[in-house]
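Trainee: Structure provided below as structure tokens; questions to follow.
The values are calculated or read from the model by the stated rules, or taken from the named source; none is laboratory data. Remember, it's a predicted structure, so these values are computed and weren't measured experimentally. Counting neighbours? That spans all protein chains shown, and the Cβs are built from the backbone with ideal geometry, glycine included. Please note that ligands, DNA and RNA were not included when accessible areas were found on the heavy atoms of the full protein model with its side chains. Shrake-Rupley method; radii C 1.70, N 1.55, O 1.52, S 1.80 Å.
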Amino acid sequence: GLILISSPFISCDSNEVKKEAINLADNVIPNDDEIKVNIVSRKPIVFIAGFDKGNEAFYSNARTYFKEKGLKVIDGQYSLEEIIVWLNEHANKNPYGEVHIVNKSNPYKGMNLETIVRGEKITTETLRKSITQGTLPILKDVVNNNTKIVFHASGLVENKELLKTLKDAFSAKKLPKV
């Protein structure tokens, strides 16, 4: 009797399965109802976060390079705090597309860029300290997942811990690519 009762459940008739799959497919909502939002990003901007001393031409060459490419160049922001504040104060409804930050660095000593105004130069330790103490401002809703923050600093890519900490410094509701 037990075998006769369970036989409908172990049926090998594959037609029933196909019918069910077709019924499920008929209930799928078409893609025409999806709402697509096209967010326009702002044009790239460049922060020249330092100044040349003596015969050096690092910053002036960078300034010339980016201006020739037609990008907006911002001078006078020599700390991460000033850059974040500038981004927040000059925000509009469109998020930033690309934010370039030009600064000299040393893979072993850190960057010449200051953490806060008249603060310590950026290293993994000083930046982490500024983040945890709350002295570094937070990016408002001025970036999104498509925003790219690009550092033009020699040897920075070799300092993985500093790069990770810089990503934390530029955290927002929608995380930019650093």
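Trainee: Can you tell which of Leu156, Leu175 is modelled with pLDDT under 90, open to solvent by 50 Å² or more (accessible area, probe 1.4 Å) and aliphatic (A, V, I, L, M)?
Mentor: Leu175
Trainee: Any residue in segment 13-35 that is hydrophobic (A, V, I, L, M, F, W, C), under 24 Å from Val143 (Cα atoms) and modelled with pLDDT of 60 or more?
Mentor: no
Trainee: May I pose another question? Can you find, within segment 82-107, the residue that is least open to solvent (accessible area, probe 1.4 Å) among those that are without any contact (Cβ under 8 Å) to a residue 12 or more places away in the chain and part of a loop (DSSP other than H, G, I, E, B)?
Mentor: Filtering segment 82-107 down to residues without any contact (Cβ under 8 Å) to a residue 12 or more places away in the chain leaves 89-90, 93.
Among the residues that remain, those that are also part of a loop (DSSP other than H, G, I, E, B) are: 90, 93.
On the way: His90: 78, Lys93: 184 Å².
Among residues in segment 82-107 that are without any contact (Cβ under 8 Å) to a residue 12 or more places away in the chain and part of a loop (DSSP other than H, G, I, E, B), the one least open to solvent (accessible area, probe 1.4 Å) is His90.
Trainee: For Ser79, state whether it is buried (at least 20 other Cβ atoms within 10 Å of the Cβ) and in contact with a Ser or Thr (Cβ under 9 Å, 6 or more places away or on another chain).
Mentor: Working: buried (at least 20 other Cβ atoms within 10 Å of the Cβ): yes; in contact with a Ser or Thr (Cβ under 9 Å, 6 or more places away or on another chain): yes.
In short, yes.
Trainee: Determine which member of the set Val117, Val73 is more than 15 Å from Val178 (Cα to Cα), aliphatic (A, V, I, L, M), touching a Phe, Trp or Tyr at 6+ places or on another chain (Cβ under 9 Å) and loosely packed, with under 14 Cβ neighbours inside 10 Å.
Mentor: Val117
Trainee: Can you find a residue that is touching a Pro at 6+ places or on another chain (Cβ under 6 Å), touching a residue at least 12 places away in the same chain (Cβ under 8 Å) and open to solvent by 10 Å² or more (accessible area, probe 1.4 Å) anywhere in segment 129-136?
Mentor: No, because not a single residue in segment 129-136 is touching a Pro at 6+ places or on another chain (Cβ under 6 Å), touching a residue at least 12 places away in the same chain (Cβ under 8 Å) and open to solvent by 10 Å² or more (accessible area, probe 1.4 Å).
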